[in-house]
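**Q** Encoded as structure tokens, here's the structure I'll be asking about.
Just so you know, all these numbers are worked out from the coordinates, no wet-lab data involved. Just so you know, these numbers come straight off a predicted model, no measurement behind them. When we count neighbours, we look across all protein chains shown, and the Cβ atoms used for this are built from the backbone with ideal geometry, even at glycine.
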Ligand SMILES: Cc1ncc(COP(=O)(O)O)c(C=O)c1O
């Protein structure tokens, strides 16, 4: 203390510099890179063929309608968010003829995009799972980097199940099933509904059926993370098949939805958390408890993104336009897979690269080693996460040959 009673040192002098976020840090490094050839293949955000962010026409049109609407105001939303958005979001995920929807037994709250849905869902489970159930969550190995921290913050013990097979660059289904069979009953099982991040590898429809059986027999609590509905196949219904399979079989489950990718609403933080329950009465009580989770966290969610998404989902014309644009985005990503594959083959890059074509959604998990990835960054200015994941959405027909050239080089030298 100084004579004036002031602290001479900062109260936070002992605070250590935290490491950069492995994904957001890639964009920071890309921004700081002065090389004109630089590529950002780290962040999972769609880019146009010109490498620019894309605001969907349906979103622009919905926004204009909202601005012109004299009934629009800036009052607080309810704790659970925009009710119309919630209704449309759960219907989009489960389908209008879902037994759970028809029987009004889904509790839905608006969430701060997919991350917020996971965080509120994890907190709810940690508080309200029966006391005899363990607080254990099973995550695929590998998974989206944030899953571990989200569930750990909510008090869960985090365990992994085998998912990716490095040799085939496909699914280690036998390993997955064996690990899930060994999980204590009542454990939470996190499943990526489609377009698994980071691997781009999804179970087949037949494998999903077997996973349903393993989940039911093992009395696991499914938590579906659906951040990419529509991005895998271009079709919203097809991409929701896994969740619908489980709901239609009568299971109770938790579902997180994000409109960041499929509506390009990244920064608007529009998402939803649904808890599918056995009865309407339980769903009503669950919703009341979800509100108790939300209130001390952030009181109530932001209105703009949810208002846009509700219009885009609810207005038939905007809905049709959205679906067209969504298919366009998914198709462009698929085309980039083909272009990259062709370029790699044309350069005789060693190994079987057909997994680039087989993997689904925004990412390709290349199996490149950390030193190879580091060389891609330092020598070629190709910015990516060091686990070898590349965002196909960040590629274009002009940049794909450059990437293939870079990969060919690092495969030889690192
Ligand atoms: C698997 C997965 N879940 C959830 C999210 C959360 O995204 P957001 O919070 O932006 O909706 C992401 C984003 O990359 C993701 O890949």
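**Q** Rounded to the nearest 0.05, what FRET efficiency do residue 72 and residue 245 give with R0 = 41 Å and r taken as the Cβ-Cβ distance? Could you check?
**A** Working: r = 39 Å, r/R0 = 0.95.
Computed FRET efficiency for residue 72 and residue 245 comes out at 0.60.
**Q** Hey, if you drop one equal point scatterer on each alpha-carbon of region 76-314 and run the Debye formula without solvent, what base-10 log of I(q)/I(0) do you get at q = 0.07, 0.08, 0.10 Å⁻¹?
**A** Summing over Cα pairs of region 76-314 leads to -0.20, -0.26, -0.41.
**Q** Based on the Cβ-Cβ distance from residue 358 to residue 292, what FRET efficiency comes out when R0 is 45 Å, to the nearest 0.05?
**A** Values: r = 44 Å, r/R0 = 0.99.
The calculated FRET efficiency here is 0.50.
**Q** In whole Å, what is the distance between the alpha-carbon centres of region 62-136 and region 287-313?
**A** First find each Cα centre; the distance between them is then 7 Å.
**Q** At 0.36 nm per residue, and after removing the present C-alpha to C-alpha distance, how many nm does the segment from residue 84 to residue 12 gain when stretched out fully?
**A** Numbers: separation 72, 0.36 × 72 = 25.92 nm, distance 4.48 nm.
Fully extending the segment from residue 84 to residue 12 adds 21.4 nm.
**Q** Could you work out the relative contact order of region 161-258, using alpha carbon pairs under 8 angstrom and six or more residues apart, expressed as a whole percent? Mind dumping the intermediate values first?
**A** Details: 136 pairs, mean separation 27.2, N = 98.
Relative contact order of region 161-258: 28 percent.
**Q** In 10 Å bins starting at zero, report the fraction of Cα pairs in region 262-342 per bin as a rounded %.
**A** Values per bin, smallest distances first: 15, 28, 29, 20, 7, 1.
**Q** Multiply the residue gap between residue 127 and residue 327 by 0.36 nm, knock off their C-alpha separation, and tell me the result in nm, one decimal place.
**A** Details: separation 200, 0.36 × 200 = 72.00 nm, distance 3.95 nm.
Full extension of this stretch gives 68.1 nm more.
**Q** List, largest first, the extents of the alpha carbons of the chain along their principal axes, each in whole Å.
**A** Principal-axis extents of the Cα atoms in the chain, largest first: 74, 62, 53 Å.
**Q** Please state the shape class of region 145-267: rounded when a/c is under 1.5, otherwise prolate if a/b exceeds b/c and oblate if not, all from the C-alpha gyration tensor.
**A** Details: a/c = 1.32, a/b = 1.23, b/c = 1.07.
It comes out rounded by the Cα gyration axes.
**Q** Just want to confirm a number: the relative contact order over the chain, from Cα pairs under 8 angstrom separated by 6+ residues, in percent. Display every interim value, and only then the final one.
**A** On the way: 753 pairs, mean separation 104.4, N = 414.
In percent, rounded to a whole number, it is 25.
**Q** Rounded to the nearest 5, what % of the DSSP beta bridges within region 153-259 are antiparallel ones?
**A** Numbers: 2 of 11 bridges.
The antiparallel fraction comes to roughly 20 percent.
**Q** Out of the DSSP beta bridges found with both residues in region 76-314, what percent are antiparallel (nearest 5)? Please list the in-between numbers first.
**A** Details: 15 of 32 bridges.
Counting DSSP beta bridges with both partners in region 76-314, the antiparallel share is about 45 percent.
**Q** What percentages make up the Cα-Cα pair-distance distribution of region 6-63 when the bins are 5 Å wide from 0?
**A** In whole percents, the pair-distance histogram is 4, 13, 14, 15, 12, 10, 10, 7, 6, 6, 2, 1.
**Q** Rounded, prolate or oblate: which fits region 69-139 when a ≥ b ≥ c are the square roots of the eigenvalues of the alpha-carbon gyration tensor, with rounded for a/c under 1.5 and prolate only if a/b beats b/c? Please report the intermediate quantities before stating the final value.
**A** Values: a/c = 2.49, a/b = 1.51, b/c = 1.65.
The shape class here is oblate.
**Q** Then there's this: Report the gain in length on full extension from residue 238 to residue 280: 0.36 nm times residue separation, minus Cα-Cα distance, nm rounded to one decimal.
**A** Working: separation 42, 0.36 × 42 = 15.12 nm, distance 2.69 nm.
Length difference between fully extended and current span is 12.4 nm.
**Q** Given the rule -39500 (n - 2.57) for each run of at least 4 DSSP H residues, summed and divided by the residues of the chain, what is its mean residue ellipticity at 222 nm, to the nearest 500 deg cm²/dmol? Intermediate results must be reported in sequence, preceding the final value.
**A** Details: 16 runs with 186 residues, N = 414.
-14000 deg cm²/dmol, from helical runs alone.
**Q** Over the chain, what is the percentage of antiparallel beta bridges among all DSSP beta bridges, to the nearest 5?
**A** Details: 19 of 38 bridges.
Within the chain, antiparallel bridges account for around 50 percent of the total.
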